[in-house]
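The next block holds one structure in the form of structure tokens; read it before the comments.
The values are calculated or read from the model by the stated rules, or taken from the named source; none is laboratory data. As the structure is a prediction and not an experimental result, all values here were calculated from the model. Cβ placement follows ideal geometry from the backbone for every residue including glycine, while neighbour counts extend to all protein chains displayed. Only protein heavy atoms, including side chains, enter the accessible area calculation; ligands, DNA and RNA are left aside. Shrake-Rupley method; radii C 1.70, N 1.55, O 1.52, S 1.80 Å.
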Amino acid sequence: MQISELGKRASTGEPILRSEALAVLATPDEEILDVVAAASKPRFAFFGNRVRVNFLVNLKSGLCPEDCFYCSQRLGSDADILKYSWLPVDEAVATAKAGIAAGAARVCLVASGTGPSNREVGKIADITRAIKTAHPDVEICACAGFLKDGQADSLAESGVDAYNHNLNTARSHYAEICTTHTYDDRVDTVGKARGAGISPCSGFIAGMGETHEQLVDLAYELRDLGADSIPVNFLLPFDGTPLKGTNQLTAHDCLRILAMVRLANPSSEVRIAAGRELHLRSMQALGLHIANSIFLGDYLTSEGQPGQEDLDMIADAGMVVDGMRPHRADKAAELVTRRRGAGTTVRPNA
């Protein structure tokens, strides 16, 4: 297999074959730059050097009755996270505006729980209208669990542009990570959003013991579901959850997974989501040559790197944030005169 040929084909919109997707995941570490180069072809063909910046607003945190094994908000979780009920509308809007001021083109309104009541759908609608009144060009993505009949239509009428509901793992692996609902329940909600004219945003979490075959299953299921936006999360193994201490991914694994998803879904927005700081570390910027989207700043229950560092990383990668003027990192602010190590009595930086 010539991996460069996969990138050329994908840049025309033709997804790679399943056998080729498996081969991408099996490439040796010494070929990782070839993998990134191949996946960068469709990334730049469809999105140029632009990066979509998203900002999360956690409307309701913790106390979820579902038992998803990876989640710090799950039933019975002992994770040391913030727990609170619904934010007031004005506080949610103020938080969203802070992210927009920092460069976010999409605000993600997220609430824990099995699914929203009609009253809670109304709260999301009120927050959406308030944000859109002040920032009509900003996209709103809601994420509140399983939708009942008619709720997606109500969200669409309020101005919600997208609905996030991740598949999280492959159908064949689902019982290993959750027992209180099924994979088909998740597929159903993605379909409800799409049926209401809302853009489907759906992705997964890598690093939960799934096989390469199951990761490929996910990439093609998301394609079949018409996911316009695919967030790729890398497991954050919170203390207090069943997956505590699980750490199966290397930075190269993460790049291969991102590349496989991109090559299988050439024109979809691919987002490096939770876990990028922990797992990609110094290779985060390299991931931007595959993915065209990231979250700015913090996630639902974990902190991300400072938002300014995200913006500097995008600029250093030679890319621009959607809707913002080109940004240059202030390198002078990073300069620190050495006052330790050789020639001093202070321990060296080692």
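Just a few scattered comments:
- Under conditions of 20 °C and 1.002 mPa s, segment 166-208 yields 195 µm² s⁻¹ as its translational diffusion coefficient, taking Rh as the Kirkwood radius over Cα pairs in the Stokes-Einstein equation.
- Residue 40 accessible area, 1.4 Å probe, all protein chains in place, Å² to nearest 10: 20
- Counting only residues at least eight positions apart within a chain, or on another chain, the aspartates and glutamates with an alpha carbon under 18 Å from that of residue 41 are 5, 14, 20, 31, 269.
- Global dimensions of segment 235-286 from alpha-carbon coordinates: Rg and Dmax equal 12.4, 38 Å.
- For segment 33-160, radius of gyration divided by Kirkwood radius, i.e. Rg to Rh on alpha-carbons: 1.05
- Heavy-atom accessible area ranking, 1.4 Å probe, most first, across 213, 31: 213, 31
- Unsatisfied cross-links (Cα-Cα over 22 Å) in the set 97/148; 60/148; 148/244; 192/244; 123/148; 123/244: 97/148; 148/244; 192/244; 123/244
- Per the Debye formula on identical point scatterers at the alpha carbon atoms of segment 197-350, with no solvent, log10 I(q)/I(0) at q = 0.09, 0.13, 0.19 Å⁻¹ is -0.37, -0.70, -1.22.
- Fraction of accessible area attributable to carbon and sulfur, segment 260-350 (%, probe 1.4 Å): 51
- Segment 108-178 and segment 192-243 have their alpha-carbon centroids 16 Å apart.
- Once the 1.4 Å probe is applied to the protein heavy atoms, segment 1-118 comes out at 44 Å² accessible per residue.
- Our analysis of the chain gives Rg over Rh at 0.97, with the two radii drawn from alpha carbon positions and Rh computed by the Kirkwood formula.
- Residues whose placed amide H lies under 5 Å from that of residue 199, excluding near-sequence neighbours: 162, 163
- Within segment 84-189, trypsin sites (Lys or Arg not before Pro) in DSSP loop having at most 15 other beta-carbon neighbours inside 10 Å: 148
- Cα-only Debye scattering, segment 75-218: base-10 log of I(q)/I(0) at q = 0.15 Å⁻¹: -0.83
- Each eigenvalue of the Cα gyration tensor of segment 87-145, multiplied by 5 and square-rooted, gives one semi-axis; in descending order these are 20, 11, 10 Å.
- Diffusion coefficient, µm² s⁻¹, Stokes-Einstein with Kirkwood Rh over alpha-carbon pairs of segment 144-246 at 4 °C and 1.567 mPa s: 90
- Computed from backbone phi, the HN-Hα couplings of segment 243-253 come to 9, 3, x, 6, 8, 9, 9, 9, 4, 5, 4 Hz, rounded to whole numbers (Karplus: 6.51 cos²θ - 1.76 cosθ + 1.60, θ = phi - 60°; Gly and Pro given as x).
- Heavy-atom accessible area for residue 190, with the other protein chains in place and a 1.4 Å probe, reaches approximately 10 Å².
- Extension gain, residue 339 back to residue 180 (0.36 nm per residue minus Cα-Cα distance, nm): 51.6 nm
- The chain: relative contact order as a whole-number percent, Cα under 8 Å and 6+ apart: 21
- In the context of the full protein assembly, residue 336 retains an accessible surface of approximately 120 Å², using a probe radius of 1.4 Å and ignoring ligands and nucleic acids.
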